[in-house]
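This report concerns only the one structure given below.
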Amino acid sequence: MNKNVRKAVIAGNWKMNKTRPEAKALLEELKPMVADIKNVEVVACVPFTNLETALAVTEGTNIKIGAENCHFEKSGAFTGEISADMLAEMGVEYVVLGHSERRQYFAETDETVNKRTIAALAAGLKPIVCVGELLWERECNITEEVIARQIKLDFFGISADDLKKCIIAYEPVWAIGTGKTATADQAEEVCAFIRATLAKLYSAEVAEAVTIQYGGSMNAANAAELVSKTNVDGGLIGGASLKAADFTTIINAAENG
Ligand code: PEP
């Protein structure tokens, strides 16, 4: 990554894992392991039920807490949903939006991702917006078309100042939870393409300021090579964020890379 203009962000996405005691134990284990990290923003995005515990355990530390989704309306008849304001009021700083599992299993679309991103920004949250192509789309050689479309739609109507508060996670769907990682060159190619797309839509200065992560089976063994790439500014980590030692190795790779 270009450390002169951007700070790496390593964010864990716990998905639907960990009870409150388990969440507390994992974060207690992680705290001393990452206490000396200076150049990387360390984030744990946890299930809604763990937010209060996670915020309490990490208070006064360098670990930031995020949620895994939020609704786009401020309040109302949306049974089972959580608003961005509810998260912000708790002290949550980040929120994952448009994760491929949300798109695949919960019928989220670029339109709702766009609305959620706008709502999150209005509440003062930092959205981590996920984009990525299906395996079939990569095989059909339309990865760039797919990514450009998602970027245009997911950030439609969002100002340059607000875009700079967002993180974009490039997560090829075929690499999530599959053990199949994109090669560092493949990750760099698409992250650079995302930056070039942002430069066209906004400006080169804005594009340079945006943090673009890679996500998809990033682990302790492959993280260093991935984050060594110019346009890969950290990672969104699923499985490997559930083990303090593995997550710390990834964070150290970004700190020292
Ligand atoms: C994710 O959930 O965003 C993810 C990248 O998962 P994994 O690291 O397990 O592939």
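Computed from the coordinates by the stated procedures, all read-outs in this text should not be read as laboratory data. The structure displayed is predicted, hence computed values, not measured ones. Here the Cβ is made from the backbone with ideal geometry for all residues, glycine too, and neighbour counts use every protein chain on show.
Results for (1) within 16 Å of Gly132 (Cα to Cα); (2) of a type in the set (D, E, K, R); (3) under 18 Å from the mean Cα position of the chain (by Cα), shown as yes or no for each residue.
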position: Asp185; (1), (2), (3): yes, yes, no
position: Val190; (1), (2), (3): yes, no, yes
position: Leu201; (1), (2), (3): no, no, no
position: Ala209; (1), (2), (3): no, no, yes
position: Ser217; (1), (2), (3): yes, no, yes
position: Ala220; (1), (2), (3): no, no, yes
Q. Just checking, which of Ile151, Ile168, Ile176 is touching a strand residue (DSSP E or B) at 6+ places or on another chain (Cβ under 6 Å), within 20 Å of Val95 (Cβ to Cβ) and aliphatic (A, V, I, L, M)?
A. Ile168
Q: Examine segment 131-151 for a residue that is within 28 Å of Asp85 (Cβ to Cβ), in contact with a Leu (Cβ under 6 Å, 6 or more places away or on another chain) and crowded, with 16+ Cβ neighbours inside 10 Å, and state whether such a residue exists.
A: no
Q | Every residue from segment 63-113 that is in contact with a helix residue (DSSP H, G or I) (Cβ under 7 Å, 6 or more places away or on another chain), away from the ligand (no atom under 14 Å from the Cβ) and β-branched (Val, Ile, Thr) | A | Ile63, Ile65, Ile82, Val92, Val113
**Q.** Given (1) under 19 Å from the mean Cα position of the chain (by Cα); (2) in a loop (DSSP other than H, G, I, E, B), number of the condition Glu111 does not satisfy
**A.** (2)
Q: Take Ala175 and decide whether it is within 16 Å of the ligand (Cβ to nearest atom), farther than 20 Å from Ile37 by Cα and within 18 Å of the chain's Cα centre (by Cα).
A: yes
Q | Set Ala182, Ala196: member being of a type in the set (Gly, Ala, Ser), within 19 Å of Asn4 (Cα to Cα) and either within 11 Å of the ligand (Cβ to nearest atom) or in a helix (DSSP H, G or I) (or both) | A | Ala196
